[in-house]
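J.: Shown below is the structure under consideration.
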Amino acid sequence: MNADGSASRGEKGTGLVSVVIPVYCEEANIEELVRRTLDSLRGLARPFELILVDDGSRDDSARMIESAALEYPGEVVGVLLTRNFGQHAAVMAGLAESRGDVVVTLDADLQNPPEEIPKLVVKMDEGYDVVGSVRANRQDSFFRRMSSRLINRSVRASTGVDMHDYGCMLRAYRRGIVDAMLQYGKHGTFIPVLANSFANRTAEVEVAHAARDAGESRYNFWKLIRLQFDLVTSMTTWPLRALTILGGLMAVAGFGLGVLLLGLRLFLGPEWAVDGTFTLFAALFVFIGAQFTALGLLGEYIGRIYESHSAPWYLVRRTTRGRAGEVPRATPSRPLTPEPADVRVIKS
């Protein structure tokens, strides 16, 4: 062991492994997900816990999660949120519940096979702080692959951390990194980027990728656009600086254009100036568009400042750690308003 408690390079780890999986309307996958994940974790020959976080599902996912927690006591933990707060908020809820020395995150859609978890754990035992994954032979649509490539390039350019697949949820974090992220507690945070900002040593492993067999993806075109905004505004302020530079250049160009038009009017007569009216309108529209773009980005940042000081990131309705002999309780498909005693408020 190193002085900071992390494993030395090449040392086989023996600490607790936590696996955090956010779940939203995945009733068709939960049974197979739990079975395959537990089989994979049992093969590690070290203690583990599987934490399933229901993100306000509208189907039977919440009940199935609680049933799994009671069926596999000491192995499965169910965390139910009061409503849908989003994937990254659900992951943070799972991280807050986790106790492992190594924490692995995974999607519930089974496109990243749970059987790949040991690869990341073994790599973490070499002494890394964060281990990401690169999806080999991706089974997504062309649009999803191109969107992911664009996001990955923008993240690498903004953070300077050379990782190639930030969109893959299958990632492993050391306990110290998880604690640092929980203390940070900022709305709109993109977890892989935040983790890399605290990490000293990072690595990637190649993992398999499968087509979705059941259910449907929750990421449509507009959610991907929103994710891009979240990425940009949560990890850097360079758009504001770029807009300042762009605004200065446009002001100089506008002044130069005005001088040119004035000179042409004086030398070529007023008739030419009338013919150039539409040119002036075009320049005006460019300036107005730039102003609206700047106001929109500024609004994004101001909105995040407001969110981070006003609303909790998520509310936990109930946490289930099963014990032998318990019978699963019936849980409504749509989460009800929780009693105050059952709610934990996580302030950002």
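J.: How do V79, V102 rank when sorted from fewest to most other Cβ atoms within 10 Å of their own Cβ?
T.: So the ranking, lowest neighbour count to highest, is V102, V79.
J.: Count charges around D101 for me, please; just the other residues with Cβ under 9 Å from its Cβ, Lys/Arg as +1, Asp/Glu as -1.
T.: That sum, taken over residues with Cβ under 9 Å, equals +3.
J.: So who's got an amide H within less than 5 Å of the one on N200, skipping anything under 5 residues away but keeping other chains? H placed 1.01 Å off N, in plane.
T.: Under 5 Å from the amide H of N200: D129.
J.: What length, rounded to one decimal in nm, is gained on full extension from V259 through to L295, with 0.36 nm per residue of separation minus their alpha-carbon distance?
T.: That works out to 10.2 nm of additional length.
J.: For Y314, what residues show an amide H to amide H distance below 5 Å, using hydrogens built from the backbone and excluding near sequence neighbours?
T.: For Y314, whose amide H was placed from the backbone, the distant partners under 5 Å are I346.
J.: Shifting gears a bit: Per 10 Å bin, what percent of the C-alpha pairs of segment 19-64 does each bin hold, from zero upward?
T.: All Cα pairs considered, the percentages come to 27, 51, 19, 2.
Computed from the coordinates by the stated procedures, all read-outs in this text should not be read as laboratory data. Remember, predicted model here, so these are calculated numbers, not experimental data. Note that each Cβ is placed from the backbone with ideal geometry, even for glycine, and that neighbours are counted across all protein chains shown.
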